[in-house]
Structure formats: C-alpha cells, structure tokens
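I have placed the structure first, in the form of structure tokens, so that the comments after it can refer back to it.
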Amino acid sequence: MPPTDSGLGSSSEDTLDLQLPPEFSALFAEGHGRPASPDVPAAGPLLDNLAGWGAAGTPAGPFELVPVQPARDLALITGWMNDPAVAAFWELAGPPETTAAHLRGQLDGDGRSVPCLGVLDGVPMSYWEIYRADLDPLARHYPARPQDTGIHLLIGGAGDRGRGLGGMLLRATADLVLDHRPRCARVLAEPDLRNTASVAAFLNAGFRYCDEIELPGKRAALMVRDRALRDLL
C-alpha cells in the first residue's frame, strides 16, 4: 500500500468494553478460552481459533496471521508505529511502552480482538487486528449483525507499500475469516475517509463501500465484504 494507506484503524476508542453474550460469559467464567500464558492471545471461541487458521495462498507466496507475542514482536511493531506514514493514522508513535499498552489491552482481554503479525512467504511484514465487530464499539455506529468480523491493518515497511500488496492481502485475510468462521456473514473495515488509497485497496479486495460513519477521532468509510458476494467481487 502507499504510505497514506498504512493505518486502517484508530487506537482512540476502547475495543473491549461491550458485554459478551451470556453463552460466552459462561465459558470464561468456567476458565475456558483464557490464554495459556501472558504472551499468547485468547484466540479461542470468540474468533474460532484464529491461531490455528493456517496460511492462505497468494501470488506473492503463502500468507499467515500469527498472533502477536510481545516478547518476540514488540520491537518490530514499535518500529512500524513510529513510521510517520503509520503514525498519522494509528497515533501510536512513541516508546515501546506505548505499543505494549495497546497490545496489552487486547492480550489481557477475552479474545474478541487478536493482534497478529502478517507473515508473507516467511517474512513478518504487516500488523493486523482481527476483531469481533459485533462486540466492538463500532457496533454502535452501524447496523451490526451477530458474528460480524472486523479488520485493522498496517503495512510495516515502506518497500512493501505502493505495489499492490495491500489489496491482495486484504482479500486473502477476508477469505481466511470467511473460510474459518462459518457463522460470519460479513467482514468489515472502517478506514479514514481521507485515506483514499486505503478505500481503493479495500475495493480491489472485494469489499464494497457501504456507508459513511462518524467515529471518535475520524470520519470513516464502512467497507464490507459479504460472504454471499465473495465469488463475484
């Protein structure tokens, strides 16, 4: 993606403050689905075992979402967050503690948002957040449906931007979601409307422009990839 397309999500609103449905609250009350260690996200019942999805084939090689482990990945992600092109949208520039706090908000949660490295042909080159949009504050701003799944993305290195990787990887990731989350009918994103390159990348990936929505800190384009249309767009 071009530099202005590096950040597709904002850190300005808490992604973990909506209540779980009763059936999931019961699961976690019984101790199921919690991370085995502080460095392993709860990628269990809320996102259909994201950690076990495996790789998707792309023209640039196999692509896989690998849940973040701060001890291994913090320095890499912090470097990306301090790239001005990324910081303009993610607003997480600063010391490692800034990035760590953002990651910890997800890793300490119940698994409704899982931070991941995007690994392309064996090389970590992007950062992703796969989240339950129906359990996210985003659900207050659009007609949410059960199991809606959201995507935030940044392309890490400047050399990986501006050559069509963004749309290709967005399509691959949406396909992973739809393949491994059978109850999910839609994959969503909310790029900043000013980020026209980002909106174009989503359109190239088979998403459709659904609406313009006002979110804390930005005016966003609600982009949707429908399961029913995945073979047509």
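7 Å from Cα along Cα→Cβ at both Arg183 and Arg104: what's the point-to-point distance in nm?
In this crude label model, Arg183 to Arg104 measures out at 3.1 nm.
Leaving out ligands and nucleic acids, note down the accessible area per residue over the stretch 175-233 with a 1.4 angstrom probe, in whole Å². Each step should come with its number before you reach the end.
Details: 2620 Å² over 59 residues.
Using a 1.4 Å probe on heavy atoms only, each residue of the stretch 175-233 averages 44 Å².
Roughly how many nanometres apart are two label points built 7 Å out from the Cα toward the Cβ at Ala75 and Ala228?
Going by the 7 Å Cα→Cβ label model, 5.0 nm.
Grab the Cα-Cα distance for Arg145 and Ala200, subtract it from 0.36 nm times how many residues apart they are, and report the gain in nm with one decimal. Mind dumping the intermediate values first?
Values: separation 55, 0.36 × 55 = 19.80 nm, distance 2.46 nm.
Here the segment from Arg145 to Ala200 would lengthen by 17.3 nm.
The values are calculated or read from the model by the stated rules, or taken from the named source; none is laboratory data. Since this is a predicted model, take the numbers as computed values, not measurements. Ideal geometry is used to build each Cβ from the backbone, glycine not excepted, and the neighbour counts take in all protein chains shown. Ligands, DNA and RNA are excluded from the accessible area calculation, which covers all protein heavy atoms including side chains. Shrake-Rupley method; radii C 1.70, N 1.55, O 1.52, S 1.80 Å.
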